[in-house]
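The values are calculated or read from the model by the stated rules, or taken from the named source; none is laboratory data. Predicted model, so just to flag it, every value in this text is computed and none were measured. All Cβ positions, glycine included, derive from the backbone under ideal geometry; neighbour counts span all protein chains shown.
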Amino acid sequence: MEYRRLGGSGLQVSAVGLGTNNFGGRTDEAASAAVVQEALEQGITMIDTANMYGNSLSETHIGKAIKGHRHQVILATKVSGGMGEGPNRRGASRQHIMEEVEKSLQRLDTDYIDLYQIHFPDPETPIEETLRALDDLVHQGKVRYIGCSNYAAWQTCEAIWTSRSLGLNSFASAQPAYNLLNRGIERELMPFCQAYKVGIIPYSPLASGFLTGKYRSGEAPPTGTRLAGRFGQRTLTEDNFSLLTRLEGFAGERSHTVLELAFGWLLAKPQVSTIIAGATTREQVKSNVAAGHAWRLTTEEVKEADEITKESLRR
Ligand SMILES: NC(=O)c1ccc[n+]([C@@H]2O[C@H](COP(=O)([O-])OP(=O)(O)OC[C@H]3O[C@@H](n4cnc5c(N)ncnc54)[C@H](OP(=O)(O)O)[C@@H]3O)[C@@H](O)[C@H]2O)c1
């Protein structure tokens, strides 16, 4: 397994990580445990979750699955998504963060979180309040590094400069949607992250499984798969299938698969720290780790893949 720095921080994370938004929803406790077990056996250290995944069961499943292996894991979770009714049950206020961090620690059955991320920007809370709360958690030893997710480039920049001017701990990472079908971050966020050494953690790196090639044009999605659900319609479009055909051709000419291209293309970007691919089975984890090692694209190959997918810059 390759390990990379999380942005400009000293923390090393596995280049292939594990996303767990299936846990507690599409995978029960035993299936989640098997996925985590395989990830650890494969050298994955980065496990990404959120307080809201699977109605909080994702954190609970992970807490149980890593029992006895806590030291092997870089545990990343998130706060700010809605956790129920009531005025303070969402957002990035000091009140909500302080309440939720205790619940996450309890569910994860640990006394520290390696990377605590603000899941969504909260325009109603001053960024200084959010950052001071996170900084306090770092000083209390409950959190080791902090990051953001779904922030625009300007919001990330505002947060970094607020931390700098107040002498607070600063975001080490940003977690945006990023894959061959969705390259929108390349305009603003990516150059910002490069200049300011913020590690990028692309989410939905396989476009929810589409970039594995298991969905075929004109065929019903395989039963039980993620995109067989209501979620699928947005992704299973003729435009995407035609792009997939071109990507499969490009990869095939070089004796690679589109799954290997999805990983290799992301890992060719130095700003990318870890690829938190979601998985529902041990086999998926194994093939994702193998795909992560299989192909280091040359600069020329990255350019060619960029040319094929240039429409996805708009998404
Ligand atoms: N910060 C945010 O707002 C945000 C939003 C979304 C996701 N995330 C994070 O990013 C992680 C990854 O995103 P994601 O899970 O949405 O999408 P993803 O990683 O692009 O796709 C995951 C899905 O792809 C399928 N898959 C994975 N490996 C496979 C393989 N080798 N062969 C065949 N199918 C395979 C599985 O589908 P099946 O279920 O069909 O088996 C799996 O559920 C999440 O788990 C979560 O931690 C964060």
Members of the stretch 163-186 that are buried (at least 18 other Cβ atoms within 10 Å of the Cβ), over 15 Å from the mean Cα position of the chain (by Cα) and of a type in the set (Ser, Thr, Tyr): Ser163, Ser170
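Okay, residues lined up against (1) in contact with a Gly (Cβ under 9 Å, 6 or more places away or on another chain); (2) over 30 Å from Ala159 (Cβ atoms):
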residue	(1), (2)
Val198	yes, no
Thr212	no, yes
Thr223	no, yes
Gly232	no, yes
Phe241	yes, yes
Ser273	yes, no
Ile276	yes, no
Lys286	no, yes
Gly292	yes, no
Given the condition closer than 25 Å to Ile47 by Cα, modelled with pLDDT of 95 or more and near the ligand (Cβ under 10 Å from one of its atoms), answer yes or no: does some residue in the stretch 214-221 qualify? yes
So the check is Cβ under 8 Å with 6+ separation or different chains; which pairs have a first residue in the stretch 86-108 that's within 13 Å of Val143 (Cα to Cα) and a second one that's surrounded by fewer than 14 Cβ atoms within 10 Å (Cβ to Cβ)? Leu105/Asp111
Output for the stretch 5-40, where each listed residue is assigned to a loop (DSSP other than H, G, I, E, B), crowded, with 24+ Cβ neighbours inside 10 Å and within 11 Å of the ligand (Cβ to nearest atom): Thr20
Subset tally (residues that are surrounded by 12 or more Cβ atoms within 10 Å (Cβ to Cβ) and free of Cβ contacts under 8 Å to residues at least 40 places away in the same chain) for the stretch 215-230: 9
Can you tell me which residues in the stretch 62-90 are surrounded by 19 or more Cβ atoms within 10 Å (Cβ to Cβ) and either under 18 Å from the mean Cα position of the chain (by Cα) or under 19 Å from Val16 (Cβ atoms) (or both)? Ile62, Ala65, Ile66, Val73, Ile74, Leu75, Ala76, Thr77, Lys78, Val79, Ser80
Residues satisfying the stated conditions in the stretch 231-240, i.e. in a loop (DSSP other than H, G, I, E, B) and either of a type outside the set (Ser, Thr, Tyr) or without any contact (Cβ under 8 Å) to a residue 24 or more places away in the chain (or both): Leu236, Thr237
Given (1) on the phi < 0 side of the Ramachandran plot; (2) within 16 Å of the ligand (Cβ to nearest atom); (3) not basic (Lys, Arg); (4) not in a loop (DSSP other than H, G, I, E, B), identify the lone condition not met by Ser208. (1)
Which one is farthest from the chain's Cα centre (by Cα) among residues in the stretch 259-278 that are within 14 Å of the ligand (Cβ to nearest atom) and polar (S, T, N, Q)? Ser273
Looking at the stretch 246-258, can you tell me whether even one residue there is free of Cβ contacts under 8 Å to residues at least 60 places away in the same chain, within 14 Å of the ligand (Cβ to nearest atom) and within 16 Å of Ser204 (Cα to Cα)? yes
(1) away from the ligand (no atom under 13 Å from the Cβ); (2) part of a strand (DSSP E or B); (3) not small (Gly, Ala, Ser) all hold for Leu243 apart from (2)
Residues Arg226, Arg234: which one is over 30 Å from Ala195 (Cβ atoms) and either within 19 Å of the chain's Cα centre (by Cα) or small (Gly, Ala, Ser) (or both)? Arg226
